[in-house]
1. Is there a residue being closer than 21 Å to residue A:78 by Cβ, outside the structural domain of residue A:73 (by TED's automatic domain parsing) and among the small types (Gly, Ala, Ser) anywhere in the stretch A:255-272?
2. Only residues in the stretch B:1-15 that are within 7 Å of chain A (Cβ to nearest Cβ) and basic (Lys, Arg) count as the first member; pair them with residues that are surrounded by 13 or more Cβ atoms within 10 Å (Cβ to Cβ) and in a helix (DSSP H, G or I), Cβ under 9 angstrom, at least 6 apart or cross-chain, and list the lot.
3. Looking at (1) among the small types (Gly, Ala, Ser); (2) surrounded by 23 or more Cβ atoms within 10 Å (Cβ to Cβ); (3) within 9 Å of chain A (Cβ to nearest Cβ), which one does residue B:261 not meet, given that it meets all the others?
4. Do any strands (runs of 3 or more DSSP E) lying entirely in the stretch B:112-192 carry at least 2 residues that are at pLDDT 95 or above and among the small types (Gly, Ala, Ser), and which ones are they?
5. Of the residues in the stretch A:171-192, how many are touching a strand residue (DSSP E or B) at 6+ places or on another chain (Cβ under 9 Å) and surrounded by fewer than 17 Cβ atoms within 10 Å (Cβ to Cβ)?
6. What residue, among those in the stretch B:362-393 that are within 14 Å of residue B:204 (Cβ to Cβ) and in a helix (DSSP H, G or I), is nearest to the other protein chains (Cβ to nearest Cβ)?
7. When you scan the stretch B:315-330, do you find a residue that is in contact with a Leu (Cβ under 6 Å, 6 or more places away or on another chain), free of Cβ contacts under 8 Å to residues at least 60 places away in the same chain, more than 24 Å from residue A:328 (Cα to Cα) and not in a loop (DSSP other than H, G, I, E, B), even just one?
8. Tell me which helices (runs of 4 or more DSSP H) are completely within the stretch A:212-316 and hold 3 or more residues being touching a Leu at 6+ places or on another chain (Cβ under 9 Å) and crowded, with 24+ Cβ neighbours inside 10 Å, or say none if there are none.
Amino acid sequence: MDFRITDDQKELADGIRTVVAGRLSLEHLRMNEGAEAAISAKDWSVLGQTGVFSLTLPEPEGTGLGMADAVVVFEELGRALIPGPLVGTFLAASAGLVDGSAEGAVQVGVHSSGSDQILVAHLSSLQALLVLSGYHRTTTARILTPAPSLEGATRIAAPLCPLTPLWHLPSLPAGDPIADVGSRLVRDGSLLTAALQVGHAAETLDLAVAYAKQRQQFGQPIGSFQAVKHICADMLVRAEVARSAVHAAACLADEPDVVASEAAGGGRSAEQVMARAVMGAKVLADEAALANARAAIQVYGGMGFTWDVPLHLHLKRARVLATTFGTVGQLSAALSALT
Amino acid sequence: MDLRYTASELTFRDELRVWLGSTLPKLPAPPPADDWPARRRFDAHWQRLLFDSGYAGVDWPIDGGGRGSSPIEQLIFKEECERAGAPYVGVNFVGLLHAGPTVIAEGTVAQKERYLAPILRGDDVWCQGFSEPDAGSDLASLRTRAVRDGDHYIVSGSKIWTSHAEVADHCELLVRTGDDGHRGITWLIMPMDADGIEIRPLRTIAGSTEFAELFLDEVRIPVENRVGDENDGWRVTMVTLSFERGTAFVGELLESMRLLGALHQVADGLGLMDDLGLQRRIGHLTAAFDALWALTKRNVSEAAQSGIPGIGGSVFKLSFSEHAQALGDLAMEILDRAALSGDPLCGPDGTALGNEAHLHAWFKSISLTIAAGTSQVQRNIVAERILGLPKVR
């Protein structure tokens with residue numbers, strides 16, 4: 001057993017950082033705030049060419065990697081606040097459901113909310129829409145190709161996240177069931193969403209720590225005050241605990257033999273072992289992302305409450321993701337049945 | 001990044017399982033709480049069984065007489081022992097986890113020959129004289145004084161939180177031989193039968209008496225009992241910390257997971273599990289303990305590769321201690337009036353509630369944010385040593 005991040009995984013993360021710094025900087029991405037398309041087709045194809053959506057496809061179409069690698073990549077995408085239907089497009093590519101998804105030529109959304117409100121993100125850019133449940137309930141996975149029409153859909157004029165455009169729909173078409181890989185899509189979608197959340201938790205921690213070292217009040221850096229130090233320490237704890245949970249669940253997704261052995265040892269089914277790991281990871285990652293964004297805003301003080309400082313974007317994106325694949329409340333309640 | 005045990009790790013685990021399966025049923029019943037002489041006999045017997053089967057000191061290096069197991073094997077050892085319900089490390093935890101490793105790292109050849117084997121065999125018990133009434137989190141301000149007199153030190157002062165002092169043979173003792181601060185401290189081995197030692201038991205909020213205060217009045221300790229150089233005791237103490245491989249609190253974590261499962265069953269039996277709030281709290285603790293188990297595996301993996309103790313230990317302890325307290329509070333709420341009883345009680349269907357175990361765990365959880373570095377000190381460590389925030393006092 002070696003549960004550390006490997007050198008290859010570090011390289012993978014560094015590669016994403018390089019691409020982001022060069023072509024998908026936050027300054028560049030923020031030009032689309034409030035726009036109908038949160039990310040241009042050209043920028044989306046950059047992600048496709050980088051291999052973000054085809055990580056787990058076998059070579060030569062993809063890179064032949066596992067979910068343990070994919071969560072490392074998605075943590076970086078979360079850190080960088082990359083907009084667009086990242087999870088849906090990855091899932092569609094991984095199951096070969098929509099042509100062009102692996103290359104980033106098309107965008108595939110995912111609607112996985114259990115709420116009565118049907119609010120679909122990025123609708124005008126979508127070629128297809130996956131409809132999935134979270135682990136807290138069982139429904140049939142479906143795919144809507146083409147994506148629901150904009151006719152009859154109402155664009156939300158004031159979406160919470162300025163880089164997550166939303167449309168309100170009265171209902172969703174039935175679409176086509178995807179029974180065979182449905183549970184895998186729920187598993188991987190939940191995991192990748194949790195990985196994005198870890199990215200938000202980690203990035204807001206880094207931003208808060210950097211600011212606490214540099215911002216001077218009372219003649220010294222505010223990071224020298226224990227009251228501020230302890231906020232930052234708690235942020236690190238939340239991020240590390242959540243990351244451990246996400247990595248463990250991702251390893252289990254790649255290692256069915258380990259799942260089987262844990263199931264046998266604990267008197268549970270393999271599905272239950274997997275569900276417990278993924279739900280726990282999503283719960284802790286949601287909480288870490290939301291709490292750390294809030295804490296970073298607190299460390300920044302008044303500047304943290306401004307539009308210019310990107311902390312609110314992390315808070316808002318984290319809130320968006322927290323409503324997908326089951327909320328903290330739904331998932332933690334469902335987890336109690338597996339305790 | 002993987003969670004798969006290697007073939008040799010699985011062999012280690014399977015052999016251990018077989019041994020635990022055949023050995024544990026033959027153990028005598030554990031002694032009553034707070035009968036420390038009986039506890040010592042029980043723990044010494046268990047340690048002897050471990051020794052005779054090659055499982056004594058799995059975390060000690062081979063040249064110290066231990067098994068020299070890898071950090072992953074140490075983790076497996078703790079996991080299997082906990083799952084099988086084996087006894088805890090017991091009254092000699094100071095000898096096995098701290099004093100022994102210190103002698104291995106810093107002791108003379110004569111000291112190693114004299115002290116190490118009796119610890120592994122279960123013959124000797126050690127206690128710790130580090131903290132003082134006025135030196136807790138600020139340990140380096142300790143004032144127990146040692147004055148050189150020929151080939152002896154003459155030691156006077158007082159120590160506190162000395163676990164199992166009344167059944168101990170030796171005490172790892174930090175004394176002041178020089179100036180104030182870290183550089184005037186010396187590490188001594190104090191024989192507990194020396195003249196001038198008064199032991200006063202200290203009762204905890206749980207009512208238990210494992211702690212004691214030590215009052216030292218001109219206790220004569222041979223100079224040959226000094227480990228490391230005079231005034232170099234702080235460094236000696238810190239060297240010992242490098243033996244930590246990320247497995248501290250593994251037993252406590254696994255016990256918390258077991259208690260949570262038991263509590264869930266009790267709540268079910270009491271017909272409480274329709275309560276959505278209760279479902280969420282139980283589910284949330286499940287997620288947290290699972291994540292901490294994963295974090296443990298990462299910390300141990302890092303220690304296995306680098307040989308350097310991960311600072312992840314502070315991260316783990318901060319989170320675990322808070323969740324253990326949340327578990328304790330949840331147990332008290334679910335047990336309701338039954339939580340007022342330290343005597344075992346049964347629910348309406350006649351099954352045991354385990355209230356006495358939950359009450360004990362609740363008390364213990366309160367100490368977790370205080371012992372082994374308070375959570376406030378741990379947050380300072382995390383902020384300064386991991387995050388690099390400025391150190392200002």
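The values are calculated or read from the model by the stated rules, or taken from the named source; none is laboratory data. Keep in mind that this is a model prediction, so the values were computed, not measured. Because the Cβ atoms are built from the backbone with ideal geometry, glycine has one as well, and the counts that use them run over all protein chains shown.
1. Within the stretch A:255-272, not a single residue is closer than 21 Å to residue A:78 by Cβ, outside the structural domain of residue A:73 (by TED's automatic domain parsing) and among the small types (Gly, Ala, Ser).
2. Hits for this filter: B:4/A:251; B:4/A:258.
3. (2)
4. Values: elements: B:126-129, B:145-149, B:152-159, B:170-176, B:185-191.
Strands (runs of 3 or more DSSP E) meeting the threshold: B:152-159.
5. First pass over the stretch A:171-192, keeping only residues touching a strand residue (DSSP E or B) at 6+ places or on another chain (Cβ under 9 Å): A:172-178, A:182, A:185, A:189.
Retained after the next criterion (residues that are surrounded by fewer than 17 Cβ atoms within 10 Å (Cβ to Cβ)): A:172-174, A:176-177.
Looking only at that region, the number is 5.
6. Going through the stretch B:362-393, the residues within 14 Å of residue B:204 (Cβ to Cβ) turn out to be B:362-368, B:370-371.
Imposing the further condition that a residue be in a helix (DSSP H, G or I) reduces the set to B:362-368.
Details: B:362: 19, B:363: 23, B:364: 21, B:365: 17, B:366: 20, B:367: 20, B:368: 14 Å.
Per the stated criteria, the residue is B:368.
7. No, the stretch B:315-330 has no match at all.
8. The qualifying helices (runs of 4 or more DSSP H) are A:226-254, A:270-300.
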